[in-house]
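Reading through the structure tokens given below for one structure.
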Amino acid sequence: MLGIFFGVLAAASFGFNNASARRGVLSGSAIQGLVISMPIGTVMFAVLAWVFGQWGGFSRISPIEIGFLAAAGFMHFVWGRYCNIRSLAAVGSNLAGPVQQFQLLLSLTLAITLLGETLSPFKILGIVLVVSAPAYILRARARAKAREKAGTAPAAPAPDPAKPAFVPRMAEGYTFALLSAVGFGTSPILVKLGLGTHGLSLVGGFMSCVAATIVVALVLLVPSQWAETRAINRESAKWFGLSGIGVSLSHLFRYLALGLAPVTIVQPLQSMSLLFRMIFGFFINRDHEAFDRYVITGIMLSFGGALALSLSDDAVLRYLTLPDWLAAITAWRWP
């Protein structure tokens, strides 16, 4: 139960991170967001590991587990976060979110093949819903565009000339959303392998952050990247700083959750960030996000899929009386 609680907190923090990062990229860049956010997470994990006395168990972490944690840091904090910020800049948080749920499919596939976890009918239903959400959004958006060209769409309210119109760059946004899903979907498996049986979540998080920070520091050796980072303005710095706090808290709760619960429970709970990013986005980025009906419908489809992936089959059978044939289907497992 504590693992589920930390999983929900991770989703809420990640939702706030996405809304803040979206605001930051309105006048900033992805590399600027990385540079500001990385030190925050590194310091946070180091201090909390000291407060909770986890540094004493450092010797129990094997070199192989250190390698897994370093790889997790690169895939999540560098690859995943950079691609996530690029997708937010192109299409916004609401449109990128459902596509990024493909990380669930990757995580579940790797958890089944590498960690020996199983697939159930509820998880299959969740996979179908997760896959259908972005497909629905793209199809509905294409129909809306066709109606606009044909002149049959309802008249839209006149835009406010003082506010720039939000025009999503779908190809760029969805490409980077899928790439970020690869990073976010791979990292939980690497974290789980890195934490092993020692459960030193805070020390593990610190080691992942250090590895990612080293990679970012190497990138800054390129003169053009260093010049771009130094050109950040105060507004972007503020929002990237808030984003860094949000993403650091998200990873803190995520590492704690993965130390207590299976990947097949923790990773689907992360999809609740879809709802949180929409809520935070409404208050922070109302003029820079897509809130069309089909977008919200797609988000809810994706959330329904995440909920199905999170359901415990044993809990369903415990609280619901199902016909024998349906109970037999529910009890099916693969492999």
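Residues considered: 262, 98, 188. Largest GNM mean-square fluctuation over the chain, using C-alpha springs under 10 Å, is found at 262. Please list log₁₀ I(q)/I(0) at q = 0.20 Å⁻¹ for the stretch 194-288, using the Debye equation with identical point scatterers on the alpha-carbon positions. So the normalised log intensities work out to -1.12. In this label model, residue 326 and residue 64 are separated by 4.5 nm, measuring between points 7 Å along each Cα→Cβ vector.
When the dipole is taken about the Cα centre of the stretch 1-155, and only Lys, Arg (+1) and Asp, Glu (-1) are charged at their Cβ, what size is it in debye, to the nearest 20? Taking the Cα centre of the stretch 1-155 as origin, the dipole is about 760 debye. Taking θ as phi - 60° and the Karplus parameters 6.51, -1.76 and 1.60, the scalar couplings of the stretch 249-254 work out to 5, 4, 5, 4, 5, 5 Hz in sequence order, x denoting glycine and proline. Compute for the stretch 237-335: radius of gyration divided by Kirkwood radius, i.e. Rg/Rh, restricted to C-alpha atoms, rounded to two decimals. So for the stretch 237-335, dividing Rg by the Kirkwood Rh gives 1.09. When peptides 132-140, 67-75 are sorted by average Cβ neighbour count within 10 Å, with the highest value leading, the order is 67-75, 132-140. 3J(HN,Hα) along the stretch 94-104, derived from phi through the Karplus expression 6.51 cos²θ - 1.76 cosθ + 1.60 where θ = phi - 60°, amounts to 5, 6, 6, x, x, 5, 5, 6, 5, 4, 4 Hz, with x in place of Gly and Pro. Annotation: extensible slack from residue 118 through residue 234 equals 36.9 nm (criterion: 0.36 nm per residue apart, minus Cα-Cα distance). Heavy-atom accessible area with a 1.4 Å probe sorts 58, 184, largest first, into 58, 184.
Annotation: amide H of residue 119 within the under-5 Å range of 334, sequence separation 5 or more or interchain, hydrogens built in the peptide plane. With the highest mean first, a sort of the peptides 118-131, 42-55, 12-25, 213-226 on other beta-carbon atoms found within 10 angstrom per residue produces 12-25, 118-131, 42-55, 213-226. Per residue, the Cα convex hull of the chain amounts to 153 Å³. Solvent-accessible surface of the stretch 164-240, taken per residue with a 1.4 Å probe and all protein chains present: 46 Å². The charge dipole of the chain, taken about its Cα centre with unit charges on the Cβ atoms of Lys, Arg (+1), Asp and Glu (-1) only, comes to about 640 debye.
Binning the alpha carbon pair distances of the stretch 1-114 at 5 angstrom intervals from zero yields the distribution 2, 9, 14, 21, 21, 16, 11, 5, 1, expressed in whole percent.
Here the Karplus relation 6.51 cos²θ - 1.76 cosθ + 1.60, evaluated at θ = phi - 60°, turns the backbone of the stretch 275-280 into coupling constants of 6, 5, 5, 5, 5, 5 Hz, with x for every Gly and Pro.
Short-range pairs are left out: with C-alpha atoms under 8 Å and at least six residues apart, the relative contact order of the chain is 44 percent. For the stretch 205-335, the residue among 205, 335, 305 whose Cα projects farthest onto the positive side of the dipole built from Cβ charges is 205.
The values are calculated or read from the model by the stated rules, or taken from the named source; none is laboratory data. Computed from a predicted structure; not experimentally measured. Backbone-built Cβ (ideal geometry, glycine too); neighbour counts: all protein chains shown. Heads up: the accessible areas ignore ligands, DNA and RNA and are worked out on the full protein's heavy atoms, side chains in. Shrake-Rupley method; radii C 1.70, N 1.55, O 1.52, S 1.80 Å.
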